[in-house]
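Working notes, structure below.
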Amino acid sequence: MNAIAPVAAVGRAPSLQAVGMTKIFGPLVALDDVSINVPAGAFHALLGENGAGKSTLVKSIMGFYAADKGQVLLDGKEVAIRTPRDARANGIGMVYQHFTLVPCLTAAENLVISRADAPAVIDWRKEKKALAQFMETMPFRVPLDAQVSALSAGEKQKLEILKLLYLDQRFMILDEPTSVLTPGEADEVLGLLGDMASRKEITVLMISHKFREVKAFCDGFTVLRRGRFTGSGDAQTATVAEMSQMMIGDTEIRERAQRRQHNDKKEMLELAGLFADHAEGGNAIEAVNLKVHAGEIVGIAGVSGNGQSALVEALAGQRALSDGAIRIRGQNFFPTRGDFDRYKVFGLPEEPLKNATVPRMSVAENIAFRSFDKPPVAKFGWWMSPGPLRIKAEELIARYRVKTTSPDAPIETLSGGNVQRAVLARELSGDVDVLIVANPCFGLDFASVSEIRSQIMEQRNRGAAVLLVSEDLDEILELADRVAVMSGGTITYVSKIEDTDRNTIGQHMAGH
């Protein structure tokens, strides 16, 4: 590869077709005769719920999987892609959900070592001159001399895309590329890539679950469901409802709970000057101050890694506070089992299978975690009766529509959405004064998302104070009464939802 040659010449965008792709893993048919057509210079969306086959399809195109049947055509000609190296040799590259950069190296070093022809002894004077020329042709910049570990999430994502362009990979597969970006950064990156595609410098296939971005930047879309092709069309003329229907089929979707007006806004939850340490030193959260009132949802927005997870861990008792106080109705609250019961504090943490359940214990046993030592399950203060435990579990499984083969099935055998529902059944089955939820719908199907958001809104309508920590800004805009932004471990902005907008929130997420 000639490192100093311009990599984005007009008219060099390839077309790609995957025809009749089939991939079987044991009893699972992950792809069943799937075809997709991405014209040269297109900005094409690949849509589908978790488990629909999107990742299997792109990994088959990239050579990570060997398809059992099917072929890949580039500019109308079949190409053999057996390994990711074959894909790269044919100009096909991918930006993954998780960064593939080497943190301890600079941006320039990451670019140079990514080349197949990188010399054993690198002439950095020559390479930096070539990189400077390359950057002049690019739509966005990153500081080449900066160590990757010092770059923001947005800069790292830009560097991943620049790496594909540097390697002359003109068919780009982007896997949820904006999940680590602020709204402003997302619009900037997708807009610039869209401009390059319209000039036929590149072709883009983007996996996304954000309909707003699909409608704003994509020209076409393809939908998969349960490993099969279910539809395609023009992203500009198709409605969100039409695309959603292709994704979910005839699945029954619960109608969202309506927001009720609350006149009595007594203060319920107060976070007063919270500090907590990083394991490696420094503050994970710093001077966090926030109040949540009864009948209110406060959404905490922020780019991943700005202290949100540490805050949830501190509220759950999984991370010690070094200073500050948590108060419920003006009384000091300590995240112990006794105080959770006394002050009626409930929650749904991130990754509930890992953080809120014992995976190998049964669904019934996991649902009983809040009540196993109380009547009617417990007798004489110590004897646990399995009959009432099971009866209560069956009641909650039915009420919260938890799909399980049996109350006795290990909870780890449930789908992600049903684990969420089982934990919510446990946490919402009593009187709730404070509800703390973190990324409650991450990776779930439409039906589960609708169900869980409705449950959260219903608790708010009953008068609970809800703290919603979410990296999905659309979720916060839909559910929250107020939004607070976390940046650098502290809360930097608070506003009523009606007094702000996506761009303003995004600027504060970026630290401006």
Discussion item. Going through the cross-link list 215/403; 265/392; 59/126; 156/354; 126/163, which pairs have a Cα-Cα distance over 30 Å in this structure?
Written reply: 215/403; 265/392; 59/126
Worksheet entry | Per-residue Cβ neighbour rank within 10 angstrom, fewest leading, 202, 113 | 113, 202
Worksheet item: Based only on the alpha carbon positions, what is the Kirkwood hydrodynamic radius of the stretch 16-248, in angstrom?
Response: 18.4 Å
Discussion item. With +1 on the Cβ of every Lys and Arg and -1 on the Cβ of every Asp and Glu, and nothing else charged, how large is the dipole of the chain about its Cα centre, in debye rounded to the nearest 20?
Written reply: 620 debye
Item to complete: Over the alpha-carbon set of the stretch 459-512, work out the extent along each principal axis and list the three values in angstrom, largest first.
Response: 36, 22, 17
Worksheet item: With the dipole of the chain worked out from charges on the C-beta (+1 for Lys and Arg, -1 for Asp and Glu) around the Cα centre, which of 402, 67, 434 lies farthest toward the positive end?
Response: 402
Worksheet item: Once the Cα atoms of the stretch 362-430 are picked out, what are the Rg and Dmax in Å?
Response: 11.5, 37
Worksheet item: Measuring from centroid to centroid over Cα atoms, what is the spacing of the stretch 328-363 and the stretch 441-456 in Å?
Response: 20 Å
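Just to check, using Stokes-Einstein with a Kirkwood Rh over alpha carbon pairs, what's the diffusion coefficient of the chain at 4 °C and 1.567 mPa s in µm²/s?
Working: Rh = 25.1 Å.
Stokes-Einstein gives a translational diffusion coefficient of 52 µm²/s.
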Worksheet item: Counting Lys and Arg as +1 and Asp and Glu as -1, what is the net charge of the other residues whose Cβ lies under 11 Å from the Cβ of residue 142?
Response: +1
Worksheet item: If you place +1 on the Cβ of every Lys and Arg, -1 on the Cβ of every Asp and Glu, and leave all else neutral, what size is the dipole of the stretch 362-430 about its Cα centre, to the nearest 20 Debye?
Response: 200 debye
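Read the figures in this text as sums done on the coordinates, not as results from a lab. Predicted model, so just to flag it, every value in this text is computed and none were measured. Please note: Cβ atoms are built from the backbone with ideal geometry, for glycine as well, and neighbour counts cover all protein chains shown.
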